[in-house]
Amino acid sequence: MDGGGIMRGLKSLFLSVLALFVIGSSFGCSPAGGGGAVQDKTFSYVASWDANLKNHFYSGTTAQPLSNFAVEGLYNRLDTVDKVVPMLADGMPQHSEDKLTTIIKIKQNAKWQNGDDFVAMDVVGFYYLNHTQVTRYMLKVEAVDEKTVKITWNPELLLPDSVKDRLIALDMHGTVNYNEFKYYVDKAIEYIESADPVSGEYTSLTAFGKNYTSSLSDAISANYRKYSEYNPSWYVATGAFKLERFSVTQMVLVKNPLHWAADQIQFDKVVAYTVSDTNQLYNMLVTGELDYADGFAPVDTLDSMIAQNENLVHLKMADTGTIGLVFNMEKSIWQDELVREAFQYLFDREAIRDLSNPYAKVQYNAMSAMPECDRKQLITEEHEQLIEQYSYNTEKAAELLQQAGWKKEKGVWYDESGNPVKIYVGGCSTVAVWSSASDAVQAQLIDFGIDAVLKKSDIGTMYGVGTQDGSPYDCVVTWTESNPTIRHAYGSLSTFASAEAGVYAHLPTFEKGDLLNTGSPAGAGMLDINFPDLSDPDKIIGYSDYLDLMYTLEGEQLENITASVVVGVSEKMYGVNFFQSVTGSFLNVGSLDGVALETYWKENRNVAYVPDLSTQDAVDAAGMNFFWSDTTRFVNGQIKPRISAES
């Protein structure tokens, strides 16, 4: 599969290792040879899990079937479209006019899978144990009564209400049963309440606005480790399906009869398999053994699969990530801006897109730290027009390289020192889209006259080698821009700085004791690059000046800072964008009823239509990616088994 989707967390990681799984036998699936209407109510798909799985979500062990179908939060957020849907909560959060407090009501019939009521203290316990991102803006979480939660927000770090909603929706509240974890919750509350509040200017954000001494931080960490290591007798969850059994190759979940929406859930079982390689996965889709698979396949393969199974549909959905080439700015080759500009013209982006992900949208700009889909939403059209677009023009590329002192003799390029140019390209062998793109990059460089050596490895190795000091890679084919979290400037910019392209690029960073342009202390490792302030060219804005406070900003101030940074990054030309990725979902409409965009897939089951993220079609398509929507479409009854007449 392709690895194009950014799922919860850094979602590309699942897709990239899909080919590493081990196949299991079929269980409760449609018969081979097309996958017609099912005789039972089993949903089958491919996922991964740890063999040493412990019985709670924050144990340090992972299981995608449980993340997808067994655990849930107060809300669910549909990735890419940023739509928030109440789950355990009874309606949306109720925010006070002064923005200082929020009330969340819990469904009266919300229960844990062991029969306990899901209550407000469970939410309190969740936040005091797991210091998720939103706790950096809170002062307190408390239980007003058994079914009412009150959040008090830090008045110095007030968030817009829409940001509060989306950050809360990222959290899996139905994972900390207070009765089960009481010892650890009570300890966490005791430690946090004993800490002094941060005084003066907020130079770093801490959970609940507290100033934690080293000894207190150590105590909190020790308590968390014990909580993480604890292994309950049942898998602690509230979701629509509960764990029945698992092995290395198969995991079986059964419908939770205590779930608040049990009457609407039409499936009795979820069966997850592991597969050893993509060919086995494709075969299981063709024979109808799977109801669903996430991701993409090469066009020829996709067409062949759909031709062999009359019930197989593939929907496309835009991803909030851009694939491109990131320059390693430690290398001498990239120090001349003329060279970096030449490489913007050197690549045939359309050819790279067509080979790698033909449904994707070509991007003609330099890497900007924010994908186009987010820029369209977060900066003005006037500022978007400041981002330079580059055509495919090898003559222009050659002209710029010659201005930089390079020469081409007998079809080979030599640098300003007279040395033949040799570029080491880092590529990923386990993500099909990235792998194909890196092949195209190598081929185009060689065709241009540059000796390009492609070094492919699995995604973990590529990241480790590509981000280490003294990396052998001169450049890497990867995400140049991505946003795995809420559709806000912070999502893209923080990912660029700390997890993706900015790390591969080896950009300058602050050291301990350095100051931001605002005069506040800079955190060690934060990006130290500056750009003109678009609202006042006599001023500068640093990449990190407002990053930690970005969620608290609104209006023109937020737009100007965001635009100044993304326009500034693009002008630095630290990398080349190729295309904004598209991912997809394989769905068996012979066994699944309620699959969205029916008018499109009835016309052509390999649906080429990629809905714009601002449309209802995009919401519907995102709901068909069950790694993005989790159980949302199962809980509301939209996705249900297509039962044959004989049954």
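Points worth noting:
- In the chain, a dipole from Cβ-located charges (positive for Lys and Arg, negative for Asp and Glu) runs towards its positive end, and of 346, 87, 132 it is 87 whose Cα lies farthest in that direction.
- The alpha carbons of the stretch 306-463 stretch over 59, 42, 29 Å along the principal axes, in descending order.
- The stretch 531-643: C-alpha gyration tensor shape, a/c 1.5 cut-off, then a/b vs b/c: prolate
- Under-5 Å amide H pairs with residue 579, H placed in peptide plane, nonlocal only: 323, 363
- Between the listed residues 248, 301, 177, the Cα displaced farthest toward the positive end of the dipole of the chain, a dipole computed from Cβ unit charges relative to the Cα centre, is found at 248.
- Gyration tensor (alpha-carbon) shape descriptor, the stretch 416-539, a/c threshold 1.5: prolate
- Put a plus charge on the Cβ of each Lys and Arg, a minus charge on the Cβ of each Asp and Glu, and nothing anywhere else: the dipole of the stretch 201-286 about its Cα centre is then about 180 debye.
- Accessible surface of the chain [probe 1.4 Å, protein heavy atoms]: carbon and sulfur percent: 47 percent
- Heavy-atom SASA rank of 182, 210 (probe 1.4 Å, accessible area, largest first): 182, 210
- Exposure ranking of 605, 349, 642 by accessible area [1.4 Å probe, largest first]: 642, 605, 349
- Rolling a 1.4 Å probe over the protein heavy atoms gives the stretch 204-332 an accessible area of 37 Å² per residue.
- Computed across the stretch 261-373, the Kirkwood radius stands at 18.1 Å (inverse of mean 1/r, all Cα pairs).
- Computed on the stretch 288-388, with alpha-carbon pairs under 8 angstrom and 6+ residues apart, the relative contact order is 24 percent.
- Label-point separation, residue 247 to residue 226 (7 Å along Cα→Cβ), nm: 3.8 nm
- Charged neighbours of residue 175, selected by a Cβ distance under 11 Å, balance to -4 (K, R count +1; D, E count -1).
- Relative contact order (%) - criterion: Cα under 8 Å, at least six apart; region: the chain: 22 percent
- Computed per residue of the chain from DSSP H runs no shorter than four, each worth -39500 (n - 2.57), the mean residue ellipticity at 222 nm is -8500 deg cm²/dmol.
- Of interest is the spacing of the C-alpha centroids, which for the stretch 292-329 and the stretch 579-647 amounts to 14 Å.
- Sparse-neighbourhood loop sites, GluC sites (Glu not before Pro) in the stretch 158-204 - DSSP loop, at most 16 other Cβ within 10 angstrom: 201
- Separation of alpha-carbon centers, the stretch 153-213 and the stretch 84-139, rounded to whole Å: 12 Å
- For the stretch 54-200, a simple Cβ point-charge model (Lys and Arg +1, Asp and Glu -1, everything else neutral) yields a dipole of about 320 debye relative to the Cα centre.
- Backbone HN-Hα couplings from phi across the stretch 353-365 [Karplus 6.51/-1.76/1.60, Hz, Gly and Pro as x]: 4, 4, 6, 9, 7, x, 8, 6, 9, 5, 10, 9, 9
- For the chain, share of DSSP beta bridges that run antiparallel, in % to the nearest 5: 80 percent
- Cα gyration tensor of the stretch 317-369 - equivalent ellipsoid semi-axes, whole Å, descending: 24, 13, 9
- Phi-based couplings in Hz for the stretch 123-137 (Karplus 6.51, -1.76, 1.60; Gly and Pro marked x): 5, 4, x, 4, 6, 6, 8, 10, 7, 6, 4, 5, 5, 5, 10
- Projected over every direction and averaged, the convex hull enclosing the alpha-carbon atoms of the chain yields 29.1 nm².
- At a probe radius of 1.4 angstrom, the accessible area of the stretch 387-508 per residue rounds to 38 square angstrom.
- Label zone at residue 133, where the point sits 7 Å out along the Cα-to-Cβ direction: the stretch 68-109 residues whose backbone N lies under 17 Å: 73-85
- Exposure of residue 353 as accessible area (Å², to 10), given a probe of 1.4 Å and all protein chains: 40 Å²
- The largest accessible area among 487, 136 belongs to the first residue in 136, 487, and the rest follow in falling order (1.4 Å probe, all chains).
- Burial order of peptide ranges 301-309, 217-225 (average beta-carbon count within 10 Å, highest first): 301-309, 217-225
- Over the stretch 42-111, all Cα pairs binned in 5 Å intervals from 0 give whole-percent P(r) values of 3, 13, 16, 16, 20, 15, 9, 4, 3, 1, listed from short to long.
- Most positive-pole-ward Cα, 452, 191, 610, against dipole of the chain from beta carbon charges: 191
- One way to sum up the overall shape of the stretch 49-168 is the equivalent ellipsoid from its Cα gyration tensor, whose semi-axes run 25, 17, 15 Å, largest first.
- Percentage of interatomic Cα-Cα distances in the stretch 344-408 larger than 13 Å: 70 percent
- Maximal additional length on extending the residue 603-residue 422 stretch stands at 60.3 nm, based on 0.36 nm per residue less the C-alpha distance.
- Residues in the stretch 414-428 carry Karplus couplings, in order, of 10, 7, 5, 9, x, 8, x, 7, 10, 10, 9, 9, x, x, 10 Hz; the curve used is 6.51 cos²θ - 1.76 cosθ + 1.60 with θ = phi - 60°, and Gly or Pro positions show x.
- Relative to the Cα centre, the charge distribution of the chain, modelled as +1 at Lys and Arg Cβ and -1 at Asp and Glu Cβ, gives a dipole magnitude of about 1680 debye.
The values are calculated or read from the model by the stated rules, or taken from the named source; none is laboratory data. These figures come from a predicted structure and were not determined experimentally. So basically every Cβ, Gly included, is an ideal-geometry build from the backbone, and we count neighbours across all protein chains shown. All accessible areas refer to the heavy atoms of the entire protein, side chains included, with ligands and DNA or RNA removed. Shrake-Rupley method; radii C 1.70, N 1.55, O 1.52, S 1.80 Å.
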